[in-house]
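Below you'll find the structure, written out as structure tokens, and then a few comments.
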Amino acid sequence: MPTLPLPFDQDRVREWTQQFPTPFYVYDEAAIRKNARRLQDAFAWCPSFRNHFAVKATPNPHLLEILAQEGFGSDCSSLPEMLLSEASGISGERIMFTSNDTPASEYAHARKIGAVLNLDDISHIDFVDRHAGLPELVSFRYNPGPLRQGTGNAIIGNPEEAKYGLTRDQLFDGYRQLKDRGVSRFGLHTMVVSNELNASSFVSTARMLFTLAVELLETLDIRLEWVNLGGGIGIPYLPDDQPVDLEAVGQGVHEAYDELVVPAGLDPLGVLMENGRVITGPYGYLITTAIHHKTIYKDYVGVDACMANLMRPGMYGAYHHITVLGKENAPHDTVVDVVGSLCENNDKFAIDRNLPSITAGDLLVIHDAGAHGHAMGFQYNAKLRSAELLLQEDGRTRLIRRPETVNDYFATLEHGPLTELLDSTSR
Ligand SMILES: *Cc1c(COP(=O)(O)O)cnc(C)c1O
């Protein structure tokens, strides 16, 4: 197993644990900023390029603020995500409201703050018109279905099986309807892959959207302002995975642009993306302490984090690399399952993993937890969500979310038998 570089060592983490009990998340600000710039540099050829960070990946305004400073917009699919964006200094059309099955009240809020409405269905033209009024700029989410087979995976599914977006016929019909109703500015969006490691897949998506942009111009005389390629750039969770060559993505999309967009007279056409995972994923870590070692038919290491803190392994069988601090160079000669305390047997961070021999008190770092990690947390089994720390660029550490308390867990119960007990204890 390779020793992946970490932005902290065991001494530093022990220092943190004096103040913040495990488990907790740590995000590396310097690395996140550097990576955000790298994506933008890859698209420097397109002056209007913007990544709308998918808020669901890491919904903490302290992180969103950093990304806003780097020039990012946001991608939201709920009212709270829009509020988080606004609180982080992201406003107006820098907020992409890519929702589905959307309640009227949320369209109304998006409309009020001038966010981009990216409609998920043709029936939403009427729905928005009735409940919020159509804005001057509207976008559609396109689902290519059978026209783009074999692109999906466990996370997002095959396009034909995915609930999102409009069919090709609906798309043309939809733009025609918008035009008839006086909409004057248009965007086009799609999202067909998730955690995709192949750079050429994003170039294919760009080709598909550029081709549609040309067709819309020719058949409906509609000039798109931008196309949004969606998110989905993957990260190397497995030690042998290769990171996506962002420069190759930018260059491939550039070539497609020169080949398809420019000759059609559509230049300048904006290019947007909605990546979450690739921006923060590799730069967030879940730190947990080993508290038990158990030997029955197999060997188990029990840690103080559980699936409620990081759901991906239990939900998708996802691999997350684990480093045992201080034992990076020790022989990885024991095979264990690393488990949490949930009464669910899929509460395992690792299965049959080769690790150095772990004793109670050892600190474990679970890698690549910076996106769709804490955010997917839940409270089943009355497990509480952990704190989030930011390792700042200046080297200091800052708490950006405190851990949940028992009181938080009970906060939504109506006044009753628990209230007195809680009042008499201060948890
Ligand atoms: C989840 C999602 C994203 C972000 O996906 P990543 O894998 O984090 O890049 C972008 N757009 C939409 C519509 C999404 O649902």
task = Could you grab me the full set of residues in segment 154-165 that are under 24 Å from R94 (Cβ atoms) and surrounded by 22 or more Cβ atoms within 10 Å (Cβ to Cβ)?
result = G165
inquiry  = Filter segment 1-30 down to the residues that are among the acidic types (D, E) and surrounded by 14 or more Cβ atoms within 10 Å (Cβ to Cβ) and list them by number.
reply    = D28, E29
ask   = Which residues, taken from segment 374-427, are of a type in the set (D, E) and free of Cβ contacts under 8 Å to residues at least 60 places away in the same chain?
value = D394, E404, D408, E414, E420, D423
message = What pairs come out if I take residues in segment 190-205 that are without any contact (Cβ under 8 Å) to a residue 24 or more places away in the chain and pair them with residues that are within 12 Å of the ligand (Cβ to nearest atom) and part of a loop (DSSP other than H, G, I, E, B) whose C-beta lies under 8 Å away, six or more apart or interchain?
response = none
ask   = Based on what the data block shows, is V244 under 26 Å from L390 (Cβ atoms), touching a strand residue (DSSP E or B) at 6+ places or on another chain (Cβ under 7 Å) and in a helix (DSSP H, G or I)?
value = no
task = Check D121, D101 and return the single one that is within 16 Å of the ligand (Cβ to nearest atom) and within 20 Å of the chain's Cα centre (by Cα).
result = D101
message = Just the residues that are within 24 Å of S139 (Cβ to Cβ) and more than 12 Å from the ligand (Cβ to nearest atom), please, taken from segment 30-43.
response = A36, Q40, A42, F43
inquiry  = What's the total number of residues in segment 63-81 that are more than 21 Å from F49 (Cα to Cα) and of a type in the set (A, V, I, L, M, F, W, C)?
reply    = 1
Residue list for segment 99-114, filter: of a type in the set (G, A, S), under 14 Å from L137 (Cα atoms) and not in a helix (DSSP H, G or I) = G114
query = In segment 24-55, how many are within 21 Å of the chain's Cα centre (by Cα) and part of a loop (DSSP other than H, G, I, E, B)?
reply = 2
key: Given (1) in contact with an Asp or Glu (Cβ under 9 Å, 6 or more places away or on another chain); (2) hydroxyl-bearing (S, T, Y); (3) more than 16 Å from the ligand (Cβ to nearest atom), index of the condition Y297 fails   = (1)
Condition broken by R94, with the remaining ones in (1) within 16 Å of the ligand (Cβ to nearest atom); (2) closer than 30 Å to I287 by Cβ; (3) in contact with a strand residue (DSSP E or B) (Cβ under 6 Å, 6 or more places away or on another chain) satisfied = (2)
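A quick yes/no check of all residues on (1) within 13 Å of the ligand (Cβ to nearest atom); (2) within 29 Å of the chain's Cα centre (by Cα):
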position	(1), (2)
V227	no, yes
E247	no, yes
E255	no, yes
A264	no, no
P268	no, yes
M273	yes, yes
G276	yes, yes
Y283	no, yes
remark   = Residue set M311, M315, M376; condition under 23 Å from the mean Cα position of the chain (by Cα), modelled with pLDDT under 95 and at negative phi; output residue M315
Residue check for Y164: within 23 Å of A42 (Cβ to Cβ), among the aromatic types (F, W, Y), within 14 Å of the ligand (Cβ to nearest atom) and out of contact with any Leu (no Cβ under 7 Å at 6 or more places or on another chain) = no
request  = Check segment 188-200 and report whether any residue there is in a helix (DSSP H, G or I) and in the same structural domain as N100 (by TED's automatic domain parsing).
outcome  = yes
key: Subset of segment 285-301 that is in contact with a His (Cβ under 8 Å, 6 or more places away or on another chain) and surrounded by fewer than 21 Cβ atoms within 10 Å (Cβ to Cβ) - its residue that is farthest from A371 (Cα to Cα)   = D299
query = Somewhere in segment 202-220, is a residue assigned to a strand (DSSP E or B), away from the ligand (no atom under 13 Å from the Cβ) and basic (K, R)?
reply = no
inquiry  = So, in segment 304-327, exactly how many residues are under 23 Å from P21 (Cβ atoms), out of contact with any Lys or Arg (no Cβ under 6 Å at 6 or more places or on another chain) and assigned to a loop (DSSP other than H, G, I, E, B)?
reply    = 10
inquiry  = When you scan segment 172-185, do you find a residue that is outside any loop (DSSP other than H, G, I, E, B), within 28 Å of Q251 (Cβ to Cβ) and in contact (Cβ under 8 Å) with a residue 40 or more places away in the chain, even just one?
reply    = no
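The values are calculated or read from the model by the stated rules, or taken from the named source; none is laboratory data. In this text the structure is predicted, and so the values were computed from the model without any measurement. Glycine also receives a Cβ, built like all others from the backbone with ideal geometry; neighbour counts cover every protein chain displayed.
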